[in-house]
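As C-alpha cells, the structure follows; a few thoughts come after it.
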Amino acid sequence: QVQVVESGGGLVQAGGSLRLSCAASGRTFNSLALGWFRQSPGKERECVAAIGSTTYYADSVKGRFTISRDNAKNTVYLQMNNLKPEDTTVYYCAARVGTFTYITARSYDYWGQGAQVTVSS
C-alpha cells in the first residue's frame, strides 16, 4: 500500500502562484510514477502533469505548471504560476509503481484526498 497526502491548496488571485505538495509513503519513493490530476463537477478527471521516465503536461497548463520530485523527501510538487480562474477545481495527487510516465487516471492505483485550488478573477 502507498499512502498519498496532498497539501498546499488555497485561494489566490488570477496571475498568482501556488505550490501543491504530495507526500507518498509505503513504497520506495523512487520506484513510483506520480501524477497530478484535476476534476471539475461533471467532467472526467484529467491529468495536468505527470512524472516518471519523462514529464508530461496538459496543453492547458504547459508553460505555467511545473512538476518536480524530491526523492530524499518522498515528495512530488506541482508549482502553478500565472493561475487563471479556469484552473479552479480540486487537484489530486496519484501514484503507482512503475517507471513510465502515466497520464490516464485508470493507470494509477493510489490517490490522495484532493486539494482545493480557487483562483479569483
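The values are calculated or read from the model by the stated rules, or taken from the named source; none is laboratory data. Just so you know, these numbers come straight off a predicted model, no measurement behind them. When we count neighbours, we look across all protein chains shown, and the Cβ atoms used for this are built from the backbone with ideal geometry, even at glycine. Keep in mind that these areas ignore ligands, DNA and RNA; they rest on the heavy atoms of the full protein, side chains included. Shrake-Rupley method; radii C 1.70, N 1.55, O 1.52, S 1.80 Å.
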Length gained if SER121 through THR99 is fully extended, taking 0.36 nm per residue and subtracting the Cα-Cα distance, is 4.0 nm
The ³J(HN,Hα) series, computed from each phi in the stretch 82-87 with the Karplus coefficients 6.51, -1.76 and 1.60 at θ = phi - 60°, rounded to the nearest Hz and given as x for glycine or proline, is 6, 5, 10, x, 6, 7
Sorted by chain and then number, the residues having a modelled amide H within less than 5 Å of the amide H of GLY16, at least 5 places away or on another chain, are LEU83
With +1 on the Cβ of every Lys and Arg and -1 on the Cβ of every Asp and Glu, the dipole magnitude of the chain about its Cα centre, in debye rounded to the nearest 20, is 140 debye
quick note, the chain, DSSP beta bridge pairs, % antiparallel (nearest 5) is 90 percent
With x for Gly and Pro, the residue-by-residue ³J(HN,Hα) of the stretch 91-106, computed from phi through the Karplus equation 6.51 cos²θ - 1.76 cosθ + 1.60 at θ = phi - 60° and given in whole Hz, is 10, 10, 9, 9, 9, 7, 6, x, 10, 7, 9, 9, 10, 10, 4, 5
Subtracting the Cα-Cα distance of GLU86 and SER7 from 0.36 nm times their residue separation yields 26.4 nm
Checking every Cys Cβ in the chain against the others at 4.7 Å leaves as unpaired CYS47
Heavy-atom accessible area with a 1.4 angstrom probe orders ASP70, ASP109, most exposed first, as ASP109, ASP70
Using a 1.4 Å probe on heavy atoms of the protein chains only, the accessible area for ARG96 in Å², nearest 10, reads 60 Å²
Residue-ordered couplings for the stretch 23-40, obtained by feeding phi - 60° into the Karplus form 6.51 cos²θ - 1.76 cosθ + 1.60 and rounding to whole Hz (Gly and Pro as x), are 9, 10, 9, x, 9, 4, 4, 6, 8, 9, 9, 10, x, 10, 10, 9, 9, 9
With 0.36 nm assigned to each residue of separation and the Cα-Cα distance removed, LYS73 to THR54 gains 4.9 nm
Mean separation of Cα contacts under 8 Å (at least 6 apart) over the residue count of the chain, i.e. the relative contact order in percent, is 37 percent
With all protein chains in place and a 1.4 Å probe, VAL97 shows an accessible area in Å² (nearest 10) of 50 Å²
From the Cα centre of the stretch 37-107 to that of the stretch 3-26, the distance in Å is 11 Å
